[in-house]
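One structure is given here, and the rest of the page talks about it.
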Amino acid sequence: MHFDKEFDASGLSCPMPIVKTKKALSAMSAGQVLRVIATDPGSVCDMAAFAEETGNPLLSSGQENSRYVFFLRKG
């Protein structure tokens, strides 16, 4: 999937992946896509809730090896 910016939250524990994702999205323009990589299993539920609460759609979530990968579109 095409993305405009990537943020690697590997090694960060809750709530830091969400906090840093929010900061990364704030520097982006509406419609741009952010790819987030995380290693915290809690980020799966957290990222979905974050997307719903903030209006930044979660386009895709999956797993690559031992990492979780999310694509969010800035709303």
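The values are calculated or read from the model by the stated rules, or taken from the named source; none is laboratory data. Model, not experiment: these values are computed from the prediction. Because the Cβ atoms are built from the backbone with ideal geometry, glycine has one as well, and the counts that use them run over all protein chains shown. With ligands, DNA and RNA removed, areas are computed over all heavy atoms of the protein, side chains included. Shrake-Rupley method; radii C 1.70, N 1.55, O 1.52, S 1.80 Å.
Descriptive notes on the structure:
- Leading residue by the ranking (surrounded by the fewest Cβ atoms within 10 Å (Cβ to Cβ)) among those in segment 22-57 that are among the hydrophobic types (A, V, I, L, M, F, W, C) and in a loop (DSSP other than H, G, I, E, B): Ala30
- Checking the stated criteria, Gln32 turns out to be in contact with a Lys or Arg (Cβ under 6 Å, 6 or more places away or on another chain), modelled with pLDDT of 95 or more and either of a type outside the set (A, V, I, L, M, F, W, C) or under 15 Å from Lys5 (Cβ atoms) (or both).
- Unmet criterion (only one of (1) open to solvent by 50 Å² or more (accessible area, probe 1.4 Å); (2) hydroxyl-bearing (Ser, Thr, Tyr); (3) touching a residue at least 40 places away in the same chain (Cβ under 8 Å)) for Ser60: (1)
- Among (1) in contact (Cβ under 8 Å) with a residue 24 or more places away in the chain; (2) buried (at least 16 other Cβ atoms within 10 Å of the Cβ), the one test that Met1 misses: (2)
- Looking only at segment 7-21, and only at residues there that are part of a loop (DSSP other than H, G, I, E, B) and among the aliphatic types (A, V, I, L, M), the one that is surrounded by the fewest Cβ atoms within 10 Å (Cβ to Cβ): Leu12
- Hits in segment 14-51 - residues which are under 11 Å from the mean Cα position of the chain (by Cα) and of a type in the set (Val, Ile, Thr): Ile18, Val19, Thr21, Val33, Val36, Ile37, Val44
- Matching residues, segment 58-75, being within 18 Å of Phe3 (Cβ to Cβ) and part of a loop (DSSP other than H, G, I, E, B): Lys74, Gly75
- Contact map, segment 21-38: residues that are among the polar types (S, T, N, Q) paired with residues that are assigned to a loop (DSSP other than H, G, I, E, B) and modelled with pLDDT of 95 or more, Cβ distance under 8 Å, separation 6+ or inter-chain. Pairs shown: Thr21/Ala9; Ser29/Lys74; Gln32/Asp4; Gln32/Lys74.
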